[in-house]
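The values are calculated or read from the model by the stated rules, or taken from the named source; none is laboratory data. Since the model is a prediction, treat every value here as computed from it, not as a measurement. For neighbour counting, all protein chains shown are included, and Cβ atoms are generated from backbone atoms with ideal geometry for every residue, glycine included. To get the accessible areas, we keep the full protein, side chains included, count just its heavy atoms, and leave off ligands, DNA and RNA. Shrake-Rupley method; radii C 1.70, N 1.55, O 1.52, S 1.80 Å.
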Amino acid sequence: MLNFRMIAQSAALTLGAALVSTAAIAYEGGAVAGGGSIKGTVKFKGEAPAQEVLDVNKDKKVCAVGEKKSNELVVGADGGIRYAVVSLTNISKGKAFPEGESILDQAGCEYLPYIVIVPTGSELVIKNSDGILHNIHTYSDKNKAVNRAQPKFKKKIKESFAEPEMVKVTCDVHGWMKGWLAVVDHPYYVITDEKGAFELTDVPAGEYEIKVWQEKLGESTQKVTVAGGAEAAVTFELAAK
Ligand SMILES: [Cu+2]
């Protein structure tokens, strides 16, 4: 006959086994000792096109605050590309995910920020700061599509995504609104700034493949070696397709 202690022991064993089997396939995050960093720039090769001006033709009182431009390809004065996603493709153990919520705001009928990093299975908080109706609609290959109205009184809704991939976000009410979710299964993802610059920190020493993704220009990969306490340099050059 099973007594309470035996049941408790068996439950603990089952739980332990479950944790071990999950850890074997998932990313393992923790403290990184003796890591290095990767610093670099994503550049546009050729003559940069101008940003397209968006046609804000609805809810103008709230939405037409200043001129809105497309963020699909933003190239700075020195040729740096903003809003490119840089990541390591072959890392299974390293730093922990940063704390805090992933937030996508709808403000002035724009998605802010344009690209949000969302760890798989975590909650994405979708805010509506506008006080008008938005309808979030996502497009991707591996995750379920989200198609949800967010009326003016719904200041916050939450969604989560199971599979790592880039998820396109649009609004069914305002055709010009567009953004991206970078759904990620490890924390070595970064979005380039207005100069096209990026930095990945606390990378365990080792050899990696580093990838850049840009919605108009596609993907490119390189090999990079990270030494403890050192900064590895990487430059990507992407040309128009
Ligand atoms: Cu909208």
Working with all protein chains in place, sort 103, 38 by solvent-accessible area computed with a 1.4 Å probe, largest first. 103, 38
In the range 31-62, which trypsin sites (Lys or Arg not before Pro) fall in coil by DSSP and have 15 or fewer other Cβ atoms within 10 Å? 58
Could you compute the net charge surrounding residue 70? Neighbours are other residues with a C-beta less than 14 Å from the C-beta of residue 70; K and R count +1, D and E count -1. 0
Taking the Cα atoms only, what angle lies between the long axis of helix 4-25 and the longest principal axis of the chain, rounded to 10 degrees? 40
The answer for the net charge of residues other than residue 48 whose Cβ lies under 12 angstrom from its Cβ, with Lys and Arg +1 and Asp and Glu -1, is +2
Roughly to the nearest percent, how much of the accessible area of the chain is carbon and sulfur, given a 1.4 Å probe? 52
Sum -39500 (n - 2.57) across every DSSP H segment of at least 4 residues in the chain, then divide by the residue count to get the 222 nm mean residue ellipticity, nearest 500. -3500 deg cm²/dmol
Please check which bits of the range 49-90 a label hung off residue 223 would reach, taking the label as a point 7 Å along Cα-to-C-beta and the cut-off as backbone N under 19 Å. 87-90
Heavy atoms only, probe 1.4 angstrom, no DNA, RNA or ligands counted: give me 191, 210 ranked by accessible area, highest first. 191, 210
Within the chain, what percent of beta bridges assigned by DSSP are antiparallel, to the nearest 5? 70
In nm, to one decimal, how far is the modelled label at residue 78 from the one at residue 142, with both set 7 Å along Cα→Cβ? 3.4
DSSP-loop GluC sites (Glu not before Pro) across the range 87-160, with at most 10 other Cβ within 10 angstrom: 99, 101
Non-local amide H neighbours of residue 234 (under 5 Å, H modeled in plane, Pro and chain starts lacking H): which ones? 39, 40, 41
Could you report the range 106-174's accessible area per residue, 1.4 Å probe, as an integer in Å²? 46
So if each residue of separation counts as 0.36 nm, and I subtract the Cα-Cα distance between residue 90 and residue 237, what length gain in nm does that give? 50.8 nm
In the neighborhood of residue 187, defined by Cβ-to-Cβ distances under 12 Å, what is the net charge if each Lys or Arg adds +1 and each Asp or Glu adds -1? -2
Gyration tensor on Cα atoms of the range 29-239, a ≥ b ≥ c root eigenvalues, a/c under 1.5 rounded, else prolate if a/b beats b/c, else oblate, says oblate
Expressed in nanometres to one decimal, the distance between label points 7 Å along Cα→Cβ at residue 153 and residue 59 is 1.7
